[in-house]
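Report on the structure given below.
No lab work stands behind these numbers, since they all come straight from the coordinates. These figures come from a predicted structure and were not determined experimentally. Glycine also receives a Cβ, built like all others from the backbone with ideal geometry; neighbour counts cover every protein chain displayed.
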Amino acid sequence: MRIFDIKIKKFLKSGKFIFISILVLGFFLRIYKLEELFLYGHDQDLASWFVKDVVINKHLRLIGQETSTQGIFIGPIYYYFLIPFYLVFDMDPIAGTVAITTLGLFSIFSFYYVFKKIFGEREGLIASFLFATSFYTVFNDREVVPTMPVIVWTCWYFYGLNQLLKNRQKEGFIILGVLLGLIWHINMALILLVPLIPIVSYLSGKRVSLKELSKGLLFIFIFSLPLIVFESRHNFVQTKSLFLSLTTDQYDIISGYEKFRQVIHLLSKDASGFIWGSFEIVSYETTFYLLILLFVILFVKGLIAIRHATLLSLWLIFYIGFFSLYSKILSEYYLNGTIFIWILLLTIGLSYFFTKKKYKSLTIASLVFFGFFNFNKFFSLNINKSGYLYRKAVVTEIKRDFQTRSFPCVAVSYITNPGYDLGYRYLFFLQEMHVNRPESGSPVYTIVFPLKEIFPVDKTFGAIGLIYPDYTRYTKENVEYSCSGENSNLTDPMFGFTN
């Protein structure tokens, strides 16, 4: 019994126990109020439609949804990843949140593993804690979209580059080959980091082995096969669209120095959101420049090796340089590939201070405050009551009402801003509803979002309202005639979805 007690005490003090605790905490933050916080919208509806097309229509797809750049599509691997989860959950889109939670747990493990292997166990624990508890990364992991894995992709990319720096070319090129093959499937902005591979190969001081390089190229080919087949079948439409987007004006209203300032502002906003949660202790830009100062201090003190410092500097320069020159309107998620840099700097800095006896308590307090800042943001969040739970309730009510009145089909209209009328079609399909356009002559149910006094509704579901049809306008014969045609919900084209 004494030996058993000693082993328990030893385990409770070990890094494994601490990491398991971090993993459990990260898991809780990613499943808390799972249905309420599932912001089901157009992207999630498209993902469900993809799964339905593969599973029910038996249509093996080569592409996912169209991106914000016309003619360029997301690769299909994320959508295929969702399929087994949808099958377990009887094709309900809540399956997407379970799939992403699984990927989120893998991400927490990845930060622990990569930092432990490169820097040490203490760094692995700190990095995994920061990633597991930051409001920014928690909600990145809860967002059921193909771009969610960007941050964990960068973590493994750094690991692959580090293997090349250590002249472990076999493992390095295989990891990098897989990751490069996944770029089209995740986010094309990650291609900005490709030049780091030849630079790191040069910094390693060792000649590249063609044998090991060929293994990496093989993995690129395997994961890019859907793209290669699609392009060969469709006259290289995506290649042309990519070239066009890089060589023609993409209609951003700012350029030059103002665009550069915007890039710095968004980088700073992301970094500040990652660190402070809901508290803006200092301005966005101040946070950014403090992190740059931390980078310099860690480098001067020799805590970041010159090869790693060169790698991280170029990493940041490539992102800032490209998006300062690119004429496309910039979205914050394009810059998620830089979050890894801030995690690394904070991890190395906190780990260093933890080793100093007089700063150990301060370091622990800093981690506690980091958790406090981000937990406060998380648990004080105003829930946007227009997501999965509420949309599903609206659709269920429409079905209940029209079945009660023996309507063979319905029509649905929307009083909302452009874009917010999207994200319902798969839910209608799931309820096996025949849904026509409002002009069809079928009984019209009107969905209202957001609620406004000028649009009185009959029933509310969170922030969504429903107006029932004026039943006196419809005769049995006219409704049956309007329902005799095709189900528009199944046949009408869908924005971003290409058959």
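Taking the inverse of the mean reciprocal distance over all distinct Cα pairs, the Kirkwood hydrodynamic radius of segment 388-491 comes to 13.8 Å. With respect to the chain, whose longest principal axis is taken over its alpha-carbon atoms, helix 169-186 is tilted by about 30°. Looking at the chain alone, DSSP beta bridges between its own residues are antiparallel in about 55 percent of cases. Excluding the sites themselves, what is the longest stretch of the chain that contains no GluC sites (Glu not before Pro) in a DSSP loop with at most 11 other C-beta atoms within 10 Å? Maximal segment without exposed cleavage sites: 1-431. Normalised by the residues of the chain, what does the relative contact order come to in percent, with Cα pairs under 8 Å and at least six apart? Rounded, it is 17 percent for the chain. Approximating the spin labels as points 7 Å out from Cα along Cα→Cβ, the residue 384-to-residue 90 distance works out to 2.9 nm.
Of the listed values (1) 31.3, 111; (2) 25.0, 91; (3) 25.6, 84, grab the one calculated as Rg and Dmax of the Cα atoms in Å from the structure here. Read-out taken from this structure: (3).
Antiparallel versus total DSSP beta bridges in segment 388-491: what percent is that, nearest 5? So the antiparallel bridges amount to about 45 percent of the total. Tell me, what is the FRET efficiency for residue 283 and residue 414 to the nearest 0.05, using R0 = 25 angstrom and their Cβ-Cβ distance as r? Efficiency, from the Cβ-Cβ distance: 0.05.
Where does the chain land at 222 nm, in deg cm²/dmol rounded to the nearest 500, when only DSSP H runs of n ≥ 4 count, each adding -39500 (n - 2.57), divided by all residues? That comes out to -20000 deg cm²/dmol.
Summing Lys and Arg as +1 and Asp and Glu as -1 over all other residues whose Cβ lies under 9 Å from the Cβ of residue 29 gives a net charge of +1. Helix 284-300 and the longest principal axis of the C-alpha atoms of the chain enclose an angle of approximately 30°. Across segment 45-84, the residues whose backbone nitrogen lies under 16 Å from the label position 7 Å along the beta-carbon direction of residue 490 are 49-50, 52-59.
How high is the FRET efficiency from residue 24 to residue 396, r the C-beta distance, R0 35 Å, rounded to 0.05? Mind dumping the intermediate values first?
Working: r = 34 Å, r/R0 = 0.97.
Result of the calculation: an efficiency of 0.55.
If R0 equals 41 Å, the separation of the Cβ atoms of residue 405 and residue 361 corresponds to a calculated FRET efficiency of about 0.05.
Cβ crowding within 10 Å, taken as a proxy for footprinting-reagent exposure, orders 307, 405 from fewest neighbours to most as 405, 307.
Taking a ≥ b ≥ c as the square roots of the eigenvalues of the Cα gyration tensor, an a/c ratio of 1.5 or more together with a/b no larger than b/c marks segment 277-331 as oblate. Angle of helix 42-55 to the longest C-alpha principal axis of the chain, folded into 0 to 90 degrees and rounded to 10: 80°.
Exposure proxy for 153, 49: other Cβ atoms within 10 Å of each Cβ, ordered fewest to most, give 49, 153.
Below 13 angstrom from the Cβ of residue 52, what's the summed charge of the other residues (Lys, Arg +1; Asp, Glu -1)? Before the final figure, lay out each step's value.
Numbers: positive: 58, 61, 425; negative: 45, 53, 90, 92, 432.
Computed value for this residue: -2.
Label-to-label distance, residue 68 versus residue 452, with points set 7 angstrom from Cα along the beta-carbon direction: 2.5 nm.
On alpha carbon coordinates alone, what is the Rg over Rh value for segment 312-373, Rh being the Kirkwood radius? Intermediate values should be presented prior to the final figure.
Values: Rg = 16.3 Å, Rh = 13.9 Å.
Rg/Rh: 1.17.
The order of the peptides 40-47, 18-25 by mean Cβ neighbours within 10 Å, most packed first, is 40-47, 18-25. A straight line joining the Cα centroids of segment 331-410 and segment 259-289 runs 17 Å. Peptide packing for 317-327, 376-386 was compared via the average number of neighbouring C-beta atoms within 10 Å per residue; ordered from the highest value, the list is 317-327, 376-386.
Taking the chain, the Cys residues with no second Cys beta-carbon under 4.7 angstrom are 155. The residues 220, 364, when put in order of fewest to most other Cβ atoms within 10 Å, stand as 364, 220.
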